[in-house]
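Visitor: Starting off with a structure, shown below.
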Amino acid sequence: MMYAPVEFSEVDYPRVKYQRRQQFWNPIRLALFTLAIVAIIGIAIGIVTHFVVKDDKSFYYFASFKITNIKYKEKYGIRNSREFTERSHQIERMISRIFQHSSGKGRFIKSHVTKLSPDKNGVNVLMVLMFRYPSTDSAERIKKKVEMILYQSLKTKQLPLTINKPSFTLTSIDSKKMRNLLNSRCGIRMTSSNMLLPASSSTERIVQGRETAMEGEWPWQASLQLIGSGHQCGASLISNTWLLTAAHCFRKNKDPRQWIATFGTTITPPAMKRSVEKIILHEKYHKETNENDIALVQLTTQIKFSNVVQRVCLPDSSIKLPPKTSVFVTGFGSVIDDGPIQNKLRQARVETISTDVCNRTDVYDGLITPGMLCAGFMDGKVDACKGDSGGPLVYDNHDIWYLVGIVSWGQSCGLPKKPGVYTRVTQYRDWIASKTGI
Ligand SMILES: *[C@@H]1O[C@H](CO)[C@@H](O)[C@H](O)[C@H]1NC(C)=O
C-alpha cells in the first residue's frame, strides 16, 4: 500500500511555508548549520588524506626468543598436536596484547608461531610478526620501534610467559619469505595482498543462507570431477598431494584415471587443476547405513601452496566440539533441493548439533553412528545440499581452520529437524594417518 500525498489548500499553503522559513533561520539554527557544514568538509578532507597521503604497507619480521618459565613437551614438535596449537595461541595472544596496548596500536596486524623447539632453559620460539606502517617508513626504523615496545612491556607488564630479553632477535623479511614460513602451517587464509583474512569476514557477510565465497577464503576446497560429466563432489586439501572426501562420491566410478581435481572459487575457470593418482575408500564404508563415508584421493603431482590454494588442518582426535559451535560448510552444490550445481563456491554458517538430539526419534531416529556429526539448524533453512558431498565442514580456532566434518548425507536439504550429517573427522584421524602419514 502506498501513502497518499498530503494535500494543502491553495489558501493554507503559503502561510505554512512562511512560518517554517522564519523558524528555520533563527540564529542558533544558523550557527548549527554552519558548524555542520564545517564538520562535513573536515570529514571529507580526513577521508581524502587517509586514502591519498597515508599509503600503508605491510612489514614482516621474523622473531626468535626463549621462554624460560615453561618446560618443553615432545608434542610441541608436532604441528597439528593440541599441545603445539594451545601453546602457540597463548604466545600469539600475549604478543598481540603487548602491541595492541602500546603506542604502536593499530599498527600490529598479526603474529604466528612457526616453530617451538627445546632449550635447556625452556622453549625456543620462532614466529612471524606483521605490521602495517606508512610506506615511507623504513623496515629498520619500524624494527627499532617494535623492539622498544616489546622491551618496554617486558619491564612494565605482568606477562604469563617470561621472555628472555637477551635471546630476542628480530629480522626483517619480505612477503615471499613470510608466505613460505606460514605455508608450513595449515588452516591459514590470506587475501591476494598477503594480508591474513580475519575470521570475522565470513561471519559478517552471512545473514541467512549461502553466500558466495571470496578468493582465498576457503583455499582447501577442491572440486572432484569426472572427465566428461563435470563436478561430482567437493573435497578438502590436507597436504600437498592428498585430498579428503566422502566414499559415496565413488559409488559409480572409482577409476582414478577418470577423475580430476580443481581448486579455486569457481569451477570454470579453475585456479589450478590436477589429475588423480589413487583413490582409497574406507574398507568398512557401508552404503546402506552411510557408515565410514570417508575416502582419500592422491594427486599425481604436488600442489604449490599459495594464497588461493592451501591445506586445512586436521584436528587432533581428542578435540571435542560442544553443541551449538559455529562451523562453516562450503561447496559448489545446489542451493535448493535438486537444483543445479553452482559455478561459484558458496559458504554457510551452521551449528553443531549433539548426537543425542540428532539421533532422536523425531530427528534421524537412531541412524546416527559415532562416526557421524550433525550440523545445521533444527528449524532447517541453512544446510549443505546435493553436490556439496565430500566437501569440508570447518571450525575456526583463533584464525586457524580445522576440518571437522565431511559432507555425507541428510534427508533433503534444509528441512526442519533434518540437519546435515557429516563424517566425524576426529573419529578417522588414525585411519588417515595410517594411509597417508599425515
Ligand atoms: C543412535 O541410536 C541407535 C538406536 O537406538 C543406536 O544403536 C546408536 O548407537 C545411537 N548412536 C549413537 C552415536 O549413540
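Visitor: On the given criteria, is residue 82 over 18 Å from residue 182 (Cα atoms), charged (D, E, K, R) and without any contact (Cβ under 8 Å) to a residue 24 or more places away in the chain?
Guide: Details: over 18 Å from residue 182 (Cα atoms): yes; charged (D, E, K, R): yes; without any contact (Cβ under 8 Å) to a residue 24 or more places away in the chain: no.
Spelling it out, it is not the case that residue 82 is over 18 Å from residue 182 (Cα atoms), charged (D, E, K, R) and without any contact (Cβ under 8 Å) to a residue 24 or more places away in the chain.
Visitor: Also, I was wondering about something else. Does segment 391-409 hold any residues that are surrounded by fewer than 24 Cβ atoms within 10 Å (Cβ to Cβ) and farther than 30 Å from residue 111 by Cβ, and which are they?
Guide: 409
Visitor: For residues that are more than 14 Å from the chain's Cα centre (by Cα), modelled with pLDDT of 90 or more, under 19 Å from residue 261 (Cβ atoms) and not hydrophobic (A, V, I, L, M, F, W, C), tally how many sit in segment 309-350.
Guide: 3
Visitor: Just to be sure, is residue 52 loosely packed, with under 10 Cβ neighbours inside 10 Å, modelled with pLDDT under 70 and either more than 30 Å from residue 121 (Cβ to Cβ) or aliphatic (A, V, I, L, M) (or both)?
Guide: Working: loosely packed, with under 10 Cβ neighbours inside 10 Å: yes; modelled with pLDDT under 70: yes; either more than 30 Å from residue 121 (Cβ to Cβ) or aliphatic (A, V, I, L, M) (or both): yes.
Spelling it out, residue 52 is indeed loosely packed, with under 10 Cβ neighbours inside 10 Å, modelled with pLDDT under 70 and either more than 30 Å from residue 121 (Cβ to Cβ) or aliphatic (A, V, I, L, M) (or both).
Visitor: Moving to a separate point now. Hey, among the residues in segment 216-238 that are part of a loop (DSSP other than H, G, I, E, B) and in contact with a helix residue (DSSP H, G or I) (Cβ under 7 Å, 6 or more places away or on another chain), which one's modelled with the highest pLDDT?
Guide: We begin by selecting, within segment 216-238, every residue part of a loop (DSSP other than H, G, I, E, B); these are 216-220, 227-229, 238.
Remaining after also requiring in contact with a helix residue (DSSP H, G or I) (Cβ under 7 Å, 6 or more places away or on another chain): 217, 227.
Details: 217: 92, 227: 96.
Of everything passing the filter in segment 216-238, 227 is modelled with the highest pLDDT.
Visitor: Then there is this: Within segment 85-131, can you find the residues that are buried (at least 18 other Cβ atoms within 10 Å of the Cβ) and in contact with a Gly (Cβ under 8 Å, 6 or more places away or on another chain)?
Guide: 116, 131
Visitor: Sticking with this one: Among the numbered criteria (1) part of a loop (DSSP other than H, G, I, E, B); (2) over 20 Å from the mean Cα position of the chain (by Cα); (3) touching a residue at least 12 places away in the same chain (Cβ under 8 Å), which one does residue 283 miss?
Guide: Among (1) part of a loop (DSSP other than H, G, I, E, B); (2) over 20 Å from the mean Cα position of the chain (by Cα); (3) touching a residue at least 12 places away in the same chain (Cβ under 8 Å), the lone unmet condition for residue 283 is (3).
Visitor: Still on this structure: Conditions first: (1) assigned to a strand (DSSP E or B); (2) under 28 Å from the mean Cα position of the chain (by Cα). Residue 161 passes all but one, so which condition is the exception?
Guide: (1) is the only condition that residue 161 fails.
The values are calculated or read from the model by the stated rules, or taken from the named source; none is laboratory data. Not measured: the values here are computed from a predicted model. Cβ coordinates were reconstructed from backbone atoms using ideal geometry, including for glycine residues, and neighbour counts include every protein chain displayed.
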